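Asker: Dumping the structure here so I can ask a few things about it.
The values are calculated or read from the model by the stated rules, or taken from the named source; none is laboratory data. These figures come from a predicted structure and were not determined experimentally. Positions of Cβ are backbone-derived with ideal geometry, glycine not excepted, and every protein chain shown enters the neighbour counts. Just so you know, the surface numbers come from the protein's heavy atoms only, side chains and all, with ligands and any DNA or RNA stripped out. Shrake-Rupley method; radii C 1.70, N 1.55, O 1.52, S 1.80 Å.
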Amino acid sequence: TSLRERVHLLQGTPASTIDAIIRERLQLSPGARELIQAAKAQGLETGVVSGGFTQFTRHLQEMLDLDYAFANTLEIVDGKITGQVLGDIIDANAKADILDLLAISAGTDASHCIAIGDGANDLPMLRKAGVGIAYHAKAVVRAQADFQIRYGGLDTAAHFLGWSCG
């Protein structure tokens with residue numbers, strides 16, 4: 001409900017605003033490229049599951065050569081955001097469900113997956129994964145994760161897992 005209410009506030013905003021935000025403000029977390037490269041070197045599939053919007057996750061997918069990208073879809077008509085979200089909302093339960101589906105499609109289960117998150121809406125996914133890593137997360141998330149990264153970049157996760165970052 002709160003996401004739909006916030007998105008409604010965007011009604012009438014030019015869709016080009018999203019492109020400007022991506023171009024001018026979107027920054028990768030430190031170590032993101034290195035972590036993805038290390039995971040790919042291990043033969044793993046990679047993806048992002050976000051409660052944000054597909055425009056941002058698609059951009060990340062292209063930048064990082066991710067196999068998957070999931071997020072909420074903003075409705076855009078005639079170059080303007082309508083204030084509506086299309087389809088189901090990616091919430092905490094959806095993130096865990098997507099992890100399950102990706103694992104099944106890879107011929108395994110979530111206990112053989114790695115998940116990284118920073119917020120309470122990541123907890124079901126982190127708990128379901130075989131390795132759940134809290135990244136610069138709040139205390140409630142850190143307390144329930146297998147590992148936590150409080151300092152340093154995402155590439156720290158590769159070191160936890162014994163992978164080389166090239």
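Asker: Leaving ligands, DNA and RNA out of it, report the carbon-plus-sulfur percent of the accessible area of the stretch 80-128 at a 1.4 Å probe. Walk me through the numbers on the way to the answer.
Answerer: Details: 1340 of 2490 Å².
After summing per-atom areas, the C and S share lands at 54 percent.
Asker: Rank ILE104, ILE36 by accessible area, highest first, at a 1.4 Å probe radius?
Answerer: Values: ILE104 115, ILE36 30 Å².
The ranking, largest first, comes out as ILE104, ILE36.
Asker: Continuing with the same structure: Just to confirm, what accessible area per residue do you get for the stretch 1-114 at 1.4 Å probe, in whole Å²? List each step's numbers first, then the result.
Answerer: Details: 6820 Å² over 114 residues.
That works out to 60 Å² for each residue.
Asker: Further, regarding this structure: Taking H as built 1.01 Å from N, whose amide H comes closer than 5 Å to the amide H of PHE53, not counting residues under 5 places away?
Answerer: Under 5 Å from the amide H of PHE53 lie the amide H atoms of ASN72, each far enough along the sequence or on another chain.
Asker: Where in the stretch 44-65 does the amide nitrogen come within less than 18 Å of the point 7 Å from the Cα of ALA92, taken along Cα to Cβ?
Answerer: Hits in the stretch 44-65 for ALA92 at 18 Å: 49-52.
Asker: Can I ask one more? Let me have the relative contact order for the stretch 36-142, percent, based on Cα pairs under 8 Å that are six or more residues apart.
Answerer: Relative contact order comes out at 17 percent.
Asker: Can I ask one more? How long is the gain from GLN11 to ALA139 if the chain were fully straight, where each residue apart is worth 0.36 nm and the alpha carbon distance is subtracted?
Answerer: Details: separation 128, 0.36 × 128 = 46.08 nm, distance 3.50 nm.
Contour length minus the Cα-Cα distance gives 42.6 nm.
Asker: How large is the dipole of the chain about the Cα centre if only Lys and Arg carry +1 and Asp and Glu carry -1, each at its Cβ, rounded to the nearest 20 debye? Before the final figure, lay out each step's value.
Answerer: Working: 14 positive and 19 negative charges, 92 e Å.
Taking the Cα centre of the chain as origin, the dipole is about 440 debye.
Asker: Counting only residues 5 or more places away or on other chains, whose amide H sits under 5 Å from the amide H of ASP118 once H atoms are built in the peptide plane?
Answerer: Counting only residues 5 or more places away or on other chains, the set is TYR135.
Asker: Sticking with this one: Once the piece of chain linking LYS80 and SER164 is laid out straight, how much longer is it, given 0.36 nm per residue of separation minus the C-alpha distance between them?
Answerer: Values: separation 84, 0.36 × 84 = 30.24 nm, distance 4.43 nm.
Using 0.36 nm per residue and subtracting the Cα-Cα distance, I get 25.8 nm.
Asker: Here is a further query. Show me, for the stretch 125-131, the HN-Hα J-couplings you get by feeding each phi into the Karplus relation (A = 6.51, B = -1.76, C = 1.60, θ = phi - 60°), rounded to Hz, glycine and proline as x.
Answerer: 5, 5, 5, 6, 5, x, 10
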